[in-house]
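The values are calculated or read from the model by the stated rules, or taken from the named source; none is laboratory data. On a predicted model such as this, the values are computed, not experimentally measured, just so you know. Glycine also receives a Cβ, built like all others from the backbone with ideal geometry; neighbour counts cover every protein chain displayed. Side chains are part of the model used for accessible areas, which takes the heavy atoms of the whole protein and leaves out ligands, DNA and RNA. Shrake-Rupley method; radii C 1.70, N 1.55, O 1.52, S 1.80 Å.
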Amino acid sequence: MTSKEMADKIAEIMDDRKAKNIEVIDTTKLTDITDYFIICSGTSTTHVKGIADEIEFKMGEAGVECKHSEGYDSASWILLDFVDVVAHVFLQEEREFYNLERLWKDSAGKIEANVEG
């Protein structure tokens, strides 16, 4: 499975679990760490855990193992690392505080401006 296919599948799983504000960010030009960040919000810690659990389960069924996870204890921000794709499942307040979309999109815009300029 390509990293794009993985990102699309994770976003689909998030949507199936009623995640809010799903965003897929292509990081291939920004870092060698991963190709995509997929970010979503849950409405409660139970919802956040449910989304993360379903991602791990469905991706495992597809033959893609989660290499590392963090945040299950507090469930305010759960990170699932599939190497080429990293999923972030946030409580809305945490997502607004950390604002990963702005950070990575601003970086992408600067890289594209440098390439064009």
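Can Ala113 be described as modelled with pLDDT under 95 and open to solvent by less than 30 Å² (accessible area, probe 1.4 Å)? Considered against the rule, which asks whether it is modelled with pLDDT under 95 and open to solvent by less than 30 Å² (accessible area, probe 1.4 Å), Ala113 comes out as no. Residue count for the range 21-51, restricted to those that are charged (D, E, K, R), out of contact with any helix residue (DSSP H, G or I) (no Cβ under 7 Å at 6 or more places or on another chain) and either assigned to a strand (DSSP E or B) or open to solvent by less than 70 Å² (accessible area, probe 1.4 Å) (or both): 1. Just one of (1) part of a helix (DSSP H, G or I); (2) open to solvent by 50 Å² or more (accessible area, probe 1.4 Å); (3) in contact (Cβ under 8 Å) with a residue 60 or more places away in the chain fails for Ile10. It is (2).
Looking at Phe97, is it part of a strand (DSSP E or B) and of a type outside the set (A, V, I, L, M)? No; evaluated as a whole, the condition is false for this residue.
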